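All remarks here apply to the structure that follows.
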Amino acid sequence: MEFDSWPGETPAADVVRMRAGLAGLQDADAAVARAQAARIRHLAALADVATDQVARIASQGSREREMPVRSLAAEVAFATHVHDMTAQRDLGEAQTLVTKFSATVTALENARISQRHVDVILETGLPIVDDEVRMAWEEIVLDYAARQAPGRTKAYARQLAEAVNPEGMADRHARAVDGRGVSVIDLDDGMALLQLRLPAAVAYGIRDRLRRQARAIRDAANAERARRTEEPGAGHDAAEQPVIDDIRTLVQIGADVAADMLLTGAPAIDPTSGEQLPGGLGAIQAQVQIVVPVLTLLGKTDAGASLHGQIPIDPDTARHLAGAALGWDRVLCHPITGTVLEVDRYTPGTDQRRYLRARDQHCRGFGCRQPAHRCQLDHNHEHHDGGPTALANLAHFCTRHHTLKTETEWSVRQLPDGAVEFTSPLGRSYTDEPPPRVMFVPDPDSPPF
């Protein structure tokens, strides 16, 4: 066997290609960093416009003073194809970076650091309320970040911020507790990530309890398995229930236990007042909107269904939820476009609301995904101005987008096909089309139902 070079030695031609590739990659990264810095400065300049508009409002009402920022965020959202809350967050972060972390923006502009370094510096440095202390901290962290990966930079920056921050941990923690909450991130394959933002001691306490419960379940399963091994006849009596081995991992058991407790637990005391609630909090049941293709419902296909018309779920779960439903909607769709044409129901209800919920599925504003059952039905042409309470003049909007449409210069009108046209204060028009429906056509060779 012959080699152009010794085994393990990189051929000269490969070395040349690798050097060229790395040089090109570094040039591209530098160009990206410069573009990201420019984006931050453009966003900050836009945010300054809204800040100036707020300063000219005489009223001290928080809602009225928030409208210029919301309106600008909506303008940016439509222009850049993002949710307006994402746009508002980006505007706020950009303005903060330019005003409080100007050296960091300059370092990004000079390609000394990456956008991920910027995110780390903003997150860890923002709690430092003293401007002079923060600027000195920023200079030290930037020197470190220029030589290290974002992960190491975050650990170093956080430790240094803790050491130099003149505000005590107790005060910062008390303020941070106000940000506690629950959020869900959609994942692939019918899964989702449930997140709880809690004080660290509570979060780790919850995880420890789940782990202990998971181990107890696993140990009980192992004990039962050992008993059956020692007693060959055990578990095989016809009068006994079939024995099913628990083959779940500890992590899987912990997740199942958490889901069981959250969905079936029944707290009965209102923590804010200490009073007993009618029926208890356990009487409050989860509510979801599910769209199931008829062939999936009948078990003729394994195609999935969806929650709120947007989150895929597996067919077995869909059939289980459908079987437990108290009532049904029959949705007739256009065979080509999939647009809802008509809705009726076998049990009594409000036809207009059923139709609009089936058509819209979620808030129609700015890429919003708020489910329809948590939204308000808005008269696109205001009712007090003569707008009819008709299907062609109604659409679902969450509270945020309903308020924006009502209290700013944004206007909304509905087109004949159910599309909603928005016109911004700058005179730009954007159209949101009704969510499409997926139609499943049976194979001609398949047997009839």
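List of remarks:
- Partners for Lys154 among lysines (Cα-Cα distance below 25 Å; same-chain residues under 8 apart left out): Lys100
- Here's how it looks for Glu167: its modeled amide H is under 5 Å from those of Val129, which are all 5 or more places away or on a different chain.
- For the range 352-364, the Karplus equation 6.51 cos²θ - 1.76 cosθ + 1.60, evaluated at θ = phi - 60°, returns couplings of 4, 5, 4, 4, 5, 5, 5, 6, 7, 6, 8, 4, 8 Hz by residue, with Gly and Pro reported as x.
- Which of His362, His396 is most accessible, then next, and so on - probe 1.4 Å: His362, His396
- Taking amide H as placed 1.01 Å from N in the peptide plane, Asn380 has its amide H under 5 Å from the amide H of Leu394, Ala395, each at least 5 places away in sequence or on another chain.
- Using θ = phi - 60° in the Karplus curve 6.51 cos²θ - 1.76 cosθ + 1.60, the 3J(HN,Hα) couplings for the range 106-112 round to 5, 5, 5, 4, 8, 6, 6 Hz; x is entered for Gly and Pro.
- Global geometry of the range 86-135, whether rounded, prolate or oblate, following the gyration tensor of its Cα atoms and the 1.5 cut on a/c: oblate
- Using the Cβ of Arg218 as centre and a radius below 12 Å, the other residues enclosed give a net charge of 0, where K and R count +1 and D and E count -1.
- Glu230 contributes about 150 Å² of solvent-accessible surface, heavy atoms of the protein only, 1.4 Å probe.
- Other-chain or far-sequence residues with amide H under 5 Å of Ala146's (modelled H): none
- Sites Met261 and Ala12 - FRET efficiency at Förster radius 60 Å, r taken between beta-carbons, to 0.05: 0.40
- Beta bridges per DSSP with both ends in the range 352-432, % antiparallel, nearest 5: 100
- Net charge over other residues, Cβ less than 11 angstrom from the Cβ of Ala161 (K, R count +1; D, E count -1): 0
- Using θ = phi - 60° and Karplus 6.51 cos²θ - 1.76 cosθ + 1.60, couplings along the range 146-163 (whole Hz; Gly, Pro as x): 5, 10, 10, 6, x, x, 5, 4, 4, 4, 5, 5, 5, 5, 5, 4, 5, 6
- Gain upon complete extension [Ala79, Thr423; 0.36 nm per residue less C-alpha separation]: 122.6 nm
- Probe 1.4 Å, all protein chains present, accessible-area order of Leu198, Leu22, largest first: Leu22, Leu198
- Solvent exposure of Ser62, expressed as accessible area, is near 90 Å², computed with a probe of 1.4 Å over the protein chains only.
- Charge sum, other residues only, whose C-beta stays under 14 Å from Tyr204's C-beta, Lys/Arg counted +1 and Asp/Glu -1: +4
- Accessible-area order (highest first, 1.4 angstrom probe) of the listed residues Leu97, Leu72: Leu72, Leu97
- Rounded accessible area of Asp119 (nearest 10 Å², 1.4 Å probe): 80
The values are calculated or read from the model by the stated rules, or taken from the named source; none is laboratory data. On a predicted model such as this, the values are computed, not experimentally measured, just so you know. Please note: Cβ atoms are built from the backbone with ideal geometry, for glycine as well, and neighbour counts cover all protein chains shown. These accessible areas exclude ligands, DNA and RNA; they are computed on the full protein's heavy atoms, side chains included. Shrake-Rupley method; radii C 1.70, N 1.55, O 1.52, S 1.80 Å.
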